[in-house]
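This report concerns only the one structure given below.
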Amino acid sequence: MKKWLVLAACGAMLLAGWRPVPREPEGLALVRVLGVDGADPLTLTAVCGGEENGPERGRCAGGSFEEALEQLPWSGEEELSLTSVSYIIVGRDADLRDVLLSALRNRELGASATVWLAEEGAGALLDGCADPAGRLELLARRGIEAPTVVEALACLEGGEILTLPLLAGREMELIDWEEWSGSLEQ
């Protein structure tokens, strides 16, 4: 009888749409926002999802995007995982085409992260905001659409004009839209 009661309770939960809440594996933080500044050296700033004590952060530098990316998992207090990056914020001094190509080639990053531009540098913008992922989610819910890595790279490679949302301030406010031509000259 107890067996049937347990099975009925499990069935009711499944029909009601209950699923266990996904959690990060112990000692692993999932990066949600990745900031990119400079070219040589290139600096990456990683911010994970919001936790009780604020989001986990990491920062590293390298001669190229790939080199810096290799060091990034060990740049925070916990190991950082790049499998959940939803937003890439690029500083004006970064080589946008190289960043987009490298992100597309990287198995962990993938092509679906949206691309944003930082007015005064991605690292400074991320350092000033308590919850960058939450702020960018709010901007997206307000209808501000940023291109994905694939869309941005397709524009650049096709010689089309790429329009990126330009962010600034402690609250990561949209201040303008910046156009980049296929040749990356503004």
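The values are calculated or read from the model by the stated rules, or taken from the named source; none is laboratory data. If you're wondering where the values come from, they're calculated on a predicted model, not measured in any experiment. FYI the Cβ positions are ideal-geometry reconstructions off the backbone, even for glycines, and counts take in every protein chain you see. All accessible areas refer to the heavy atoms of the entire protein, side chains included, with ligands and DNA or RNA removed. Shrake-Rupley method; radii C 1.70, N 1.55, O 1.52, S 1.80 Å.
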(message) Here is a list: Leu153, Leu139. Which entry is over 23 Å from Gly49 (Cβ atoms), at pLDDT 90 or above and surrounded by 17 or more Cβ atoms within 10 Å (Cβ to Cβ)?
(response) Leu153
(request) Among what's in region 169-186 and is farther than 14 Å from Ile144 by Cβ and within 20 Å of the chain's Cα centre (by Cα), pick the residue that is modelled with the lowest pLDDT. (result) Arg170
(message) Taking the criterion of being open to solvent by 10 Å² or more (accessible area, probe 1.4 Å) and closer than 21 Å to Thr148 by Cα, would at least one residue in region 66-75 satisfy it?
(response) yes
(request) Name, by its number, the condition in (1) closer than 13 Å to Gly169 by Cα; (2) over 14 Å from the mean Cα position of the chain (by Cα); (3) crowded, with 17+ Cβ neighbours inside 10 Å; (4) not aliphatic (A, V, I, L, M) that does not hold for Glu120. (result) (3)
(request) Give the residues of region 73-92 that are assigned to a loop (DSSP other than H, G, I, E, B) and in contact with a strand residue (DSSP E or B) (Cβ under 6 Å, 6 or more places away or on another chain), sorted by residue number. (result) Ser75, Gly76, Glu78, Leu82, Ser84, Val85, Ser86
(request) Check region 98-112 and report whether any residue there is touching a residue at least 12 places away in the same chain (Cβ under 8 Å), open to solvent by 10 Å² or more (accessible area, probe 1.4 Å), within 21 Å of Glu56 (Cα to Cα) and assigned to a helix (DSSP H, G or I). (result) no
(request) State which residue pairs qualify: first residue over 11 Å from Thr43 (Cβ atoms) and inside region 62-81, second residue acidic (Asp, Glu) and assigned to a helix (DSSP H, G or I) in any location, beta carbons under 8 Å apart, and separation of 6 or more residues or different chains. (result) Ser64/Asp98
(request) Answer yes or no as to whether Ala133 is open to solvent by less than 10 Å² (accessible area, probe 1.4 Å), in contact with a strand residue (DSSP E or B) (Cβ under 6 Å, 6 or more places away or on another chain), small (Gly, Ala, Ser) and at pLDDT below 95. (result) yes
